[in-house]
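The values are calculated or read from the model by the stated rules, or taken from the named source; none is laboratory data. Since this is a predicted model, take the numbers as computed values, not measurements. Counting neighbours? That spans all protein chains shown, and the Cβs are built from the backbone with ideal geometry, glycine included. For the accessible areas, the whole protein counts, side chains as well, though only heavy atoms, and no ligand, DNA or RNA atoms are used. Shrake-Rupley method; radii C 1.70, N 1.55, O 1.52, S 1.80 Å.
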Amino acid sequence: MGTVHTIGIDFGTANSCVAFASYFDRGHGEVDPDPLRRPQVIQFQNRDTVPTCIHLGDRTPQNPPAFGPAAEERALFDPGRFYTGFKLYLGRQDKAGEDAFQMTKHFLQFLRARIGQFVPIEGAGKGERIETVVGHPVQWNADQRNATLHAALEAGFPSVRLEEESLAALYCHVFDERMGFSPKPGSYVLTVDMGGGTTDFAFLQIPEEVDQRPISIPVHPTPQEGRTYGGRDLDIMLFNHLAQQWDPEVVRTHARVLLREVRKFKEGFSNSLADGAMEYESVLLVGNATRRARLTRVEFEQVADEYIRYFEVLIRGALEEAGLRPEQVTQLILTGGHSRWYFVERILGKVFPQLFVGSRTIFRHSHPEQSVARGLAYDPLVRSSRGGFLPPMRRAAHPVYLSIPAKSAVGLDGTPIADPDPVLLIPRGQLLPFRTEAPLRFRVDQASTGTQETQVKIQFLSGQRRAPLVDRVATFQRGFWEQVISKFPWFGSTKLDRFEVLVNFQVDEHEMILADLAVTRFLGGKPVDVQKQRMRVDVVSTQGRDGTEL
Ligand SMILES: Nc1ncnc2c1ncn2[C@@H]1O[C@H](COP(=O)(O)OP(=O)(O)OP(=O)(O)O)[C@@H](O)[C@H]1O
Ligand SMILES: [Mg+2]
């Protein structure tokens, strides 16, 4: 019994939004269906969203890093140390990923300081509990989800959970408009979240019976491998178009700030076109001077022709991936700033004509920029059976493979063999959580390399492109006699190191991977050494995090 305060953080590529709510806690995960305080958005400088950006300052105490609107102001006279869009690099295994992690963590710390004025993060009273729910795109892989989770934990948020942004938008509609939004049993609701970095699709299958849980079917259509579809892609396209008229030197030195100027121009242009205008004109700050820019609808449709048409390809790809026909979709939730483009409804209307004639089948929140954060703050209601909406069962958005890249693998006769194919551990669409019933067993033969020690590398791969997640290496020291013998010339070059790898594997409902690995080394057919490792696919190491300039 007590109070649970829930903080919902929609950490976006371009803008972030924070909401909080309070519930009467009945214990055992159950909360009162009527919140003590319904989700409420925390304002930053009188606005419901805060730009996701950082200005690094100059490392002097007088000029520390600045965030959000203050960072944007500083960028005007010191553009070189201004960063935005770093969310898109989260989870990468390189310097850019490392920097993105640091920037995210510091940005979240900045949010935390403000949230602390509304939610007792520091001094929760007796019987008070605080939960944090952070959103992420459906298409995030395990490394990206982990980086998001750990950035929030390291920023000092209590009890952090993750939730998909598009499901959060749906929860917001379910609980904000209890009466208005009541999908029919057996129907499919499609959420399209078009943000700065990504466009996310998620289908929710409403069960036939009231006591059954809905099923969430995340999709990640990739008709063109590796292509992203967010507001930022259009920013870059328009930037390249408009920059043809600007001084190349200014363009080079002010690129990041100019990109932001172009984004504002783009939004003004989009709003005008939505109001029926055929052209738009505005002033941009280019270096130290102002320049007028003008764009007509005809020009835009030439520049962005392929981009606009690709939206339909994506929607049809999403339907195909979910195995659905357009007429099976009975409701559509549209969210994200990028969905305000005039062409979005036109194309959706072409694919789903039934939704545009039906009444109350297309939902846009009255405050779309709040819907993900509010939905995240409704999380306790979704998990509580008293909320009236059962938590969806989830299907995996990504397949997971295991690979043992024995670079120098050789056949028994000593001839080199190609890398063995990765083994599929779970297919896309697998119902989650998932765990192996019996350990998976692999035999690895590889040409021995080092004389002192020998290693076997184990790698998890995720997604259609089989992007590698972090790997694990088991290192075995060679015994003394083995080292001596291997130096004799007659010992031969085809000596093999032989291992057996046993894997017990789990994927939780947020697609986080947990695996127990046991690697046994064999010598002369006998097991000589065993190493056990528990791994959480986890990009956060305790060292090596000091690479950024913060
Ligand atoms: N009126 C508008 N017309 C067209 N695009 C717009 C409009 N308003 C905002 N945008 C674009 O929407 C994007 C921001 O949307 P949103 O705030 O939903 O994204 P985000 O949450 O920051 O990103 P993501 O969800 O991808 O991480 C930006 O690219 C912005 O330029
Ligand atoms: Mg968003």
Within the stretch 362-386, backbone nitrogen closer than 19 Å to the virtual label 7 Å beyond the Cα of Gln43 toward Cβ = 366-371, 373-374
Long-range HN-HN contacts of Leu162 with modeled amide H, under 5 Å | Val134
Of Lys87/Lys350; Lys184/Lys350; Lys105/Lys457, those spanning more than 28 Å from alpha-carbon to alpha-carbon = Lys87/Lys350; Lys105/Lys457
Rounded, prolate or oblate: which one fits the stretch 92-181, using the alpha carbon gyration tensor with axes a ≥ b ≥ c (rounded when a/c is under 1.5, else prolate when a/b beats b/c, else oblate)?
-> oblate
Taking amide H positions as placed 1.01 Å from N in the peptide plane, with prolines and chain starts having none, which residues 5 or more places from Val528, or on another chain, fall under 5 Å of its amide H?
-> Arg521, Phe522, Leu523
Put +1 on the Cβ of each Lys and Arg and -1 on the Cβ of each Asp and Glu in the chain; which of Gly323, His398, Tyr378 then has its Cα farthest toward the positive end of the dipole?
-> His398
Using +1 on the beta carbon of Lys and Arg, -1 on that of Asp and Glu, and nothing else charged, what's the dipole of the stretch 159-274 about the Cα centre, debye to 20?
-> 360
Apply 1/(1 + (r/R0)^6) to the Cβ-Cβ distance of Leu431 and Gln477, taking R0 = 56 Å, and write down the FRET efficiency to the nearest 0.05.
-> 0.85
Would you mind calculating the gained length between Asp78 and Asp211 on full extension (0.36 nm times residue separation, minus the Cα-Cα distance), in nm to one decimal?
-> 42.1 nm
Acute angle (nearest 10 degrees) that the helix 342-351 long axis makes with the longest principal axis of the chain, alpha-carbon atoms | 70
Read phi for every residue in the stretch 243-259 and hand back ³J(HN,Hα) as whole Hz from Karplus 6.51 cos²θ - 1.76 cosθ + 1.60, θ = phi - 60°, with x for Gly and Pro.
-> 5, 4, 9, 10, 4, x, 5, 5, 4, 5, 7, 10, 3, 5, 6, 4, 4
By accessible area with a 1.4 Å probe, ligands and nucleic acids excluded, highest first: order of Tyr280, Tyr229 | Tyr280, Tyr229
Show the residues, 5+ positions off or on another chain, whose built amide H is closer than 5 Å to the amide H of Gln430.
-> Ala396
Return the whole-Å distance between the Cα centroid of the stretch 120-192 and the Cα centroid of the stretch 287-324.
-> 29
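If I take R0 = 45 Å and measure r between the Cβ atoms of Arg297 and Lys184 in this structure, what FRET efficiency does the formula 1/(1 + (r/R0)^6) give, to the nearest 0.05?
Once the sixth-power term is evaluated, E becomes 0.70.
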With no solvent and one equal point scatterer per Cα, compute the Debye intensity ratio I(q)/I(0) for the chain at 0.09, 0.10, 0.11 Å⁻¹ and report its log10, rounded to two decimals.
-> -0.77, -0.92, -1.07
Rounded to the nearest 5, the percent of DSSP beta bridges in the chain running antiparallel is 80
Candidates per GluC sites (Glu not before Pro) in the stretch 173-266, loop by DSSP, up to 13 other Cβ within 10 Å = Glu208, Glu209, Glu225
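Counting other Cβ atoms within 10 Å, keep those with at most 12, restrict to DSSP loop, and tell me which GluC sites (Glu not before Pro) in the stretch 66-126 are left.
Sparse-neighbourhood loop GluC sites (Glu not before Pro): Glu122.
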Would you calculate the separation in nanometres between label points at Ala518 and Ala438, each defined as 7 Å from the Cα along the Cα-to-beta-carbon direction?
-> 1.4
Mind grabbing the accessible area of Asp247 for me, 1.4 Å probe, Å², rounded to tens?
-> 80
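Restricting to Cα pairs below 8 Å that are 6+ residues apart, what does the relative contact order work out to for the chain? Please round to a whole percent.
15
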Could you tell me what percent of the accessible area of the chain is made up of carbon and sulfur, with a 1.4 Å probe and every protein chain present?
-> 51
Averaged per residue, what accessible surface does the chain expose to a 1.4 Å probe, in Å²?
-> 45
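Rounded if a/c is under 1.5, else prolate if a/b beats b/c, else oblate: with a ≥ b ≥ c from the C-alpha gyration tensor eigenvalues square-rooted, which is the stretch 155-247?
Prolate, because a/c is 1.5 or more and a/b exceeds b/c.
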For the stretch 467-474, what does the Karplus curve 6.51 cos²θ - 1.76 cosθ + 1.60, with θ = phi - 60°, yield as ³J(HN,Hα) per residue in whole Hz, taken in order and with x for Gly and Pro?
-> 5, x, 8, 4, 10, 10, 10, 9
Heavy atoms of Arg291: accessible area, 1.4 Å probe, square angstrom to 10 = 90
Once phi is turned into θ = phi - 60°, what whole-Hz ³J(HN,Hα) does the Karplus curve with 6.51, -1.76 and 1.60 give for every residue of the stretch 300-311, x standing for Gly and Pro?
-> 4, 6, 6, 5, 9, 3, 5, 4, 5, 5, 5, 4
Determine, from the Cβ-Cβ distance of Ile362 and Asn504 and an R0 of 41 Å, the FRET efficiency 1/(1 + (r/R0)^6), rounded to the nearest 0.05.
-> 0.35
Cβ-based charge dipole, the chain, positive-most Cα from Val283, Ile236, Phe352 = Ile236
Nearest 20 debye, what's the magnitude of the dipole of the chain about its Cα centre given +1 on Lys and Arg Cβ and -1 on Asp and Glu Cβ?
-> 560
